[in-house]
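Take a look at the structure set out below.
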Amino acid sequence: MGDKKDGKGFFVKCLLCHESKTKYNRQGNVELLSITNNSGYNAKRHIKSKPPTQVTEFNTAWNNRKEDNEEENSSSSVPSTKKVGKPNQSSIRHHLPDAWKYKQIRTLEDLDKAILNHLIADLLLFSEVDKEAFKELICGLSGPLVIKSRPFMVELLKKTYNKSKADLILELEKAEYVSTTADCWTSRRRSFLGMTVHWMGQDLDRRSACLGVRRIFGSHTYNVIGKEISDIHTEFKISSKGNCTITDNGSNFLKAFNMFQRPSSAEKKPDSDEDIDEDDEGDILNCGLDLLEQEDLCDDESHFYLPRHMRCSCHSLNLMATIDVKNIDNQRFQKLKNSVDAKLTAIWNKQSRSSLASDFIKATLGELFVIHNATRWNSYYDALVEVESFLTKNRDNLAITFEHFKLKKLTSVEEEFLREYIKIMKPLTQALDVFQNEENMSVRCVLPVLSLLKEKIIEFKEDRNIIHCAAFVTSLLNGIEKRFRSFHENNSFRLASISDPHFKFSWVTEEQKTEDIKLLKQEVNRRISNLANESIEGDDATTAHLSGTSSSPRKRSRFLDGLQRKASIELNEVDRYINDGCGVLEDLNRYPTIKQIFIEYNSALPSSTACERLFSTAGWIFVPKRTNLSDAKFDRLVFLKQNGKSSRNWKTSPSKTN
């Protein structure tokens, strides 16, 4: 189906004629049939040259279209004076394939762009364009259009990257506040720093984009990482508007921000270094040195600064469930946990290392065990849940499986321990899932979720049915206090939560509510004062320019008037916001100042999982067959794949990224 013809008809393409090969007219355009609104004579005359069965099928479809059109006209409340109404185009489309939805390739430029997008979206090698089968397919579809060579596609990749990068920079210039995430990744003997950027528009929708995956040479020391992060911020012109950068708890990241963070954005340092990730199996940042004890600074220390630092909430929760659990000083708990881990690890290893064992497990239990991964934060919990499911629904076959491999089964006490452990871990994994939601969550959810998590764990502490994992409950409570104390003391986190109409003050105690209301009023007061001063300075500058004289008395008078208006607006807006109760984000349109507070403090995500998703895409590209990719070409491929229309684009679908 083509475009309408001056409102009097439309163009169609005969799929029967173009079935084997697209036909073109003398002008080089695809052959189309012209059909008027009141007559299908051209189509009927054309179809008569086809086999009788196809003519019958067309006539049936055309008659159905007329019947549908007559029913629509008869059901209309306005009587029609015409005997024949306009053809119902939707009925015609109903009998045609959906190929018309896609843009037709008519020029060589369109073909080049389509092939490049195909290579990027489907993660294909650029040598694909030189293969005979690919040429045969494309040339058979595109007719006289010629496929360009591999060097041309590589050059086109560079041009497309530069254009997309320029578009992203222009989009970021419109944003008032942005935040970034950063993490390191090592694959095939190369190390990279990946970064993503996130911001929120006036429509309160999340925008996200990939900034790049840049090569890191040498050790991942704090000065190397800090310089690379600063360079990327400068390259995309967001150094001055960076709200914060989210990273994991790696000691090199922590020191980089402690050393190079802007003095105005410095936040309270932790009282101790106990919450630094010292033994994370999935962390590739192990440099073999305690970087926090180093005293040397890089030569460029005074030449760049980093924005405010925020620790990844997901990584902190993961450390509570791994490192803190290993440090529990309770022999009975550690003995039971080590025993359960040893028995389950044995059966997991059997499944992972032998196809025969895997086939036997699948035949006996109906499905395989879930194998956990140290870098997947909820995978260990998911693996234990699968075992508990077998114990509940398929106990006999599970016993047969252990006996077949001559492995020790779980005892009744160990089964009780397993169920208690899963019960306690469940709210922790739910909090992790909330924090990893890049689409609908931001920093505003951190404190309310942590408060709810703490309440549930306190309930476990008071539950007398918790026998074997009481020490685990105590460890989680201590971990929340130790690792997230600075979050509760940070005004940025509190403003992010209380400026959300969904939460407001519902998650705070009555004592803290008074302080938070005062904090919100102070922030609104500050913003209105800034707006009043900017307005006065602008008016005074205009008056002075026109009159050529100074206007200090007038300025003082205008300033006092601004203070009075400010006090009135502050009282009305904050009080209305508090009294309206909880609502939805769209309610912020009634509170313009609080809306700006929400946009500023919620530009950041609660975790750095966006980088993990970025590295997943990078892993699909950096496969063994492409180890000779240059660093620049690899960066361009990842950038275009993440920000392209094949994934969730910040331009076409600005609230999501892949």
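The values are calculated or read from the model by the stated rules, or taken from the named source; none is laboratory data. Because the structure is a prediction, the values reported are computed rather than measured. Here Cβ is always computed from backbone atoms with ideal geometry, including for glycine, and neighbour counts include all displayed protein chains. To get the accessible areas, we keep the full protein, side chains included, count just its heavy atoms, and leave off ligands, DNA and RNA. Shrake-Rupley method; radii C 1.70, N 1.55, O 1.52, S 1.80 Å.
Annotations
- Size descriptors for the range 425-521: radius of gyration and Dmax over Cα atoms are 14.6, 48 Å.
- Label point distance in nm, LEU141-GLU235, each placed 7 Å from Cα along Cα→Cβ: 3.3
- In the context of the full set of protein chains, the range 95-229 has a per residue accessible area of 49 Å² (1.4 Å probe).
- Extension gain for LYS148-LYS454 works out to 104.1 nm (0.36 nm per residue, less the C-alpha to C-alpha distance).
- For the range 390-546, relative contact order (Cα pairs under 8 Å, six or more residues apart, normalised by length) works out to 19 percent.
- Per-residue 3J(HN,Hα) values for the range 326-341, derived from phi via the Karplus relation 6.51 cos²θ - 1.76 cosθ + 1.60 with θ = phi - 60°, read 5, 8, 5, 9, 9, 4, 5, 5, 5, 5, 5, 5, 5, 5, 5, 4 Hz in sequence order (x marks Gly and Pro).
- Rough spin-label spacing in nm, given labels placed 7 Å along Cα→Cβ, for THR107 and LEU368: 5.0
- Cα pair count fraction exceeding 13 Å, expressed as % - the range 303-344: 67
- The GluC sites (Glu not before Pro) of the range 445-497 that DSSP puts in a loop, and whose beta carbon has at most 10 other beta carbons within 10 Å, are GLU462.
- Reciprocal mean inverse distance between Cα atoms of the range 203-249 - Kirkwood radius, Å: 12.6
- The mean accessible area for residues of the range 397-467, using a 1.4 Å probe and ignoring ligands and nucleic acids, is 51 Å² per residue.
- Probe 1.4 Å - accessible area at SER239, Å² to nearest ten: 40
- Distance between the modelled labels on SER355 and THR186, one decimal in nanometres: 3.2 nm (7 Å Cα→Cβ projection).
- Calculated P(r) tail over 22 Å for the range 368-478, as whole % of Cα pairs: 44
- Packing, taken as the mean count of other beta carbons within 10 Å per residue, orders the peptides 48-58, 377-387, 248-258, 113-123 from highest to lowest as 248-258, 377-387, 113-123, 48-58.
- Coil-residue trypsin sites (Lys or Arg not before Pro) of the range 401-467, DSSP, other Cβ within 10 Å capped at 10: LYS406, ARG464
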